[in-house]
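I have placed the structure first, in the form of structure tokens, so that the comments after it can refer back to it.
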Amino acid sequence: MILVVAGVAGSGKTTIGRLIAGRMHCEFADGDAFHPKANIEKMEAGIPLTDEDRGPWLRAIVAWMDARAAAGESAVVACSALRRAYRDALLSGAARARMVFLVVPLGDDEVRVAHRAGHFFPQALLQSQFAALELPEPPEPVPLVPAVGTPEQTADRVMEAVGLQPGRTDTPTP
């Protein structure tokens, strides 16, 4: 299984994704690492990304996912996937891919982002993420998972949402 942990900046994608990858004994990738330098510079300058900016980034993530799937490996990747079109791009053609969307209230998220250190995404851009956000709705196969409580509790809810046993520490069947 390739698991995409999606959500707005500060929702816990990286923390939860790493935790689940550790439980599954598989590779984790942070979607931020796939951004071209120009995207990072824009965000650092407080300029929201456009759909055009996100195209190459999404294609790079899809290529990484496809490589893991072709090798028969399980993996976890964190990616904002704010709009349905982005989620469709990430999941199209990836039969083994599943996605969950972490949900966090704006006020809680503002506190989280304000306390993050060493990340290029400034708190000033958080409003633009919520403005662009299209939460998954049926028939989209992306469950919403509340990003509340401890990271372990959220990871358990994510694993339940995709049919894995919470707290699981063995490798899933590809």
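The values are calculated or read from the model by the stated rules, or taken from the named source; none is laboratory data. Note that the structure is a prediction, hence the values are computed from the model and not measured. Neighbour counts are summed over all protein chains in view; Cβ atoms, including those assigned to glycine, are modelled from backbone coordinates with ideal geometry.
Filter the stretch 1-27 down to residues that are touching a helix residue (DSSP H, G or I) at 6+ places or on another chain (Cβ under 6 Å) and over 18 Å from Ala161 (Cβ atoms), then give me how many there are.
The number of residues fulfilling the criteria is 2.
So if I check each of Asp32, Asp66, which one is without any contact (Cβ under 8 Å) to a residue 60 or more places away in the chain, surrounded by fewer than 20 Cβ atoms within 10 Å (Cβ to Cβ) and either in contact with a Phe, Trp or Tyr (Cβ under 9 Å, 6 or more places away or on another chain) or assigned to a helix (DSSP H, G or I) (or both)?
One residue alone meets the criteria, Asp66.
Please find, among Lys42, Lys13, the residue that is among the charged types (D, E, K, R), within 22 Å of Asp156 (Cα to Cα), modelled with pLDDT under 95 and surrounded by 17 or more Cβ atoms within 10 Å (Cβ to Cβ). Give the steps one after another, and end with the answer.
Numbers: Lys42 fails: within 22 Å of Asp156 (Cα to Cα).
After ruling out the rest, the residue left standing is Lys13.
Run down Leu90, Leu58 and say which single residue is more than 26 Å from Pro166 (Cα to Cα), surrounded by 15 or more Cβ atoms within 10 Å (Cβ to Cβ) and modelled with pLDDT of 90 or more. Write out each step before concluding.
Details: Leu90 fails: more than 26 Å from Pro166 (Cα to Cα).
The unique qualifying residue is Leu58.
Say we look at the stretch 35-45 and pick out the residues that are of a type outside the set (D, E, K, R), assigned to a helix (DSSP H, G or I) and in contact with a Phe, Trp or Tyr (Cβ under 8 Å, 6 or more places away or on another chain); which of these is farthest from Gly10 (Cα to Cα)? Outline the logic, then answer.
As a first pass, look at the stretch 35-45 and keep what is of a type outside the set (D, E, K, R): 35-36, 38-40, 43, 45.
Filter once more, so that each one left must be assigned to a helix (DSSP H, G or I): 38-40, 43.
Next, only the ones that are in contact with a Phe, Trp or Tyr (Cβ under 8 Å, 6 or more places away or on another chain) stay: 39-40, 43.
On the way: Asn39: 18, Ile40: 16, Met43: 14 Å.
If we take residues in the stretch 35-45 being of a type outside the set (D, E, K, R), assigned to a helix (DSSP H, G or I) and in contact with a Phe, Trp or Tyr (Cβ under 8 Å, 6 or more places away or on another chain), then Asn39 is farthest from Gly10 (Cα to Cα).
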